[in-house]
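Take a look at the structure below.
Each value in this text was obtained by applying a stated rule to the coordinates, not by laboratory testing. For clarity, every value in this text was computed on a predicted model and none was experimentally measured. Note that each Cβ is placed from the backbone with ideal geometry, even for glycine, and that neighbours are counted across all protein chains shown.
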Amino acid sequence: MNRPKVIVTRRWPQPVEARLKELFDVRLNTDDKPMTMDELQECLRTADAVLPTVTDPFNAEVLSAEPLRAKILGNFGVGYNHIDIQAAEARGLTVTNTPDVLTECTADLAMLLLLMTARRGGEGERHVRNGQWTGWRPTHMLGTKVTGKTLGLIGMGRIARAMAKKARHGFDMKILFTDPCPPPAELLRNLGAEPCGSVEEVLQRADFISLHCPGSQENYHLINRERLAMMKPGAFLINTARGDVVDNQALIAALKYRTVAGAGLDVFEGEPRLNPGFLELENVVLLPHLGSATAETRLAMGERVIENLKAFFAGQTPRDKVV
């Protein structure tokens, strides 16, 4: 019996690649270089399943490949705004993702960014590495206290709830949030989380704003110049969601003129290209999309993709089916 042909667009953890080889006829991207549009289309023409990552733009043009052999896109990641879902559905493609398994690690990273921005961690490390530190003194590199402050969450999904738990029970923070589909009341009581009627209310009241909304047309530049102006002058913005949820040019201006105190960013518009304006600023922490980057989580993500593929090719509905 012929095994389904599967193409993996980037390198995955070695144990996952080995397991894929056991189950399927697999072609790996051994060079780990991003595929071009033509290469992605060739994957769709020649494989039964294509396993993309968040860096692979499966837009309508890519998905127009003819003849189309692929039947499923097994996405390595929970976010799928790099895939044109309507175009995929129109072509009869099943799309799956990997929720749940990266929740805690991404929430950990959001807290790391919050702490680093508040206590000027990135700036302090550069200070030491550059040989600028001359010793302890009472007024040197003063930051902002975190314990007892107010955390505002834009979106209250799995990652936001995990962050809220860490902030509430680890740092005694007050939790505000806005979400069109709020969690159950009992969960909110356990977190001490207060719902707000709008994004604007959260921005006006919180000391730290953390973004946990999906990348989408509706959320494109959700945080723009006007909304950044609503934040407290001493407030901080944290983004582990998607880069284009924030107008990066507007954020650079707000950071430069200190209308907001600082930002911690794990995602950027047009990544891996970075707006050079960020590099001129000391009050921003910049990380290279590390939200799920632990060995345990990346392994679990790969295993979740395999689980979805096995179900699909067995004629069952994958549990993480998006469309």
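Looking at the stretch 228-247, which of its residues are surrounded by fewer than 22 Cβ atoms within 10 Å (Cβ to Cβ) and in contact with a helix residue (DSSP H, G or I) (Cβ under 9 Å, 6 or more places away or on another chain)? Once the filter is applied, which keeps residues that are surrounded by fewer than 22 Cβ atoms within 10 Å (Cβ to Cβ) and in contact with a helix residue (DSSP H, G or I) (Cβ under 9 Å, 6 or more places away or on another chain), the stretch 228-247 yields Ala229, Met230, Lys232, Asp247. Within the stretch 281-308, residues that are within 27 Å of Gly234 (Cβ to Cβ) sit with their Cβ atoms under 6 Å from residues that are part of a loop (DSSP other than H, G, I, E, B) and among the polar types (S, T, N, Q), at 6+ positions apart or across chains, in these pairs: Gly291/Thr240. Within the stretch 247-279, the set of residues being under 29 Å from Pro57 (Cα atoms) and in contact with a Ser or Thr (Cβ under 7 Å, 6 or more places away or on another chain) comprises Ala263, Gly264, Asp266, Val267.
Among the candidates Gly121, Gly192, which residue alone is closer than 24 Å to Ala254 by Cβ and surrounded by fewer than 21 Cβ atoms within 10 Å (Cβ to Cβ)?
None of the other options fit; the residue is Gly121.
Which of the residues spanning the stretch 128-153 are aliphatic (A, V, I, L, M), buried (at least 19 other Cβ atoms within 10 Å of the Cβ) and not in a loop (DSSP other than H, G, I, E, B)? If the condition is that a residue be aliphatic (A, V, I, L, M), buried (at least 19 other Cβ atoms within 10 Å of the Cβ) and not in a loop (DSSP other than H, G, I, E, B), then Leu151, Leu153 are the ones that fit. Restricting Glu269, Glu303 to residues that are more than 30 Å from Pro15 (Cβ to Cβ) and either of a type outside the set (Val, Ile, Thr) or not in a strand (DSSP E or B) (or both) narrows the list to Glu269.
If only one of Thr46, Thr9, Thr36, Thr103 is closer than 30 Å to Lys166 by Cα and free of Cβ contacts under 8 Å to residues at least 60 places away in the same chain, which one is it? Matching residue, one of Thr46, Thr9, Thr36, Thr103: Thr103.
Can we say Met156 is in a helix (DSSP H, G or I) and in contact (Cβ under 8 Å) with a residue 40 or more places away in the chain? Judged against the criteria, Met156 is not a match. When the stretch 213-237 is filtered for residues that are part of a loop (DSSP other than H, G, I, E, B) and basic (Lys, Arg), only Lys232 remains.
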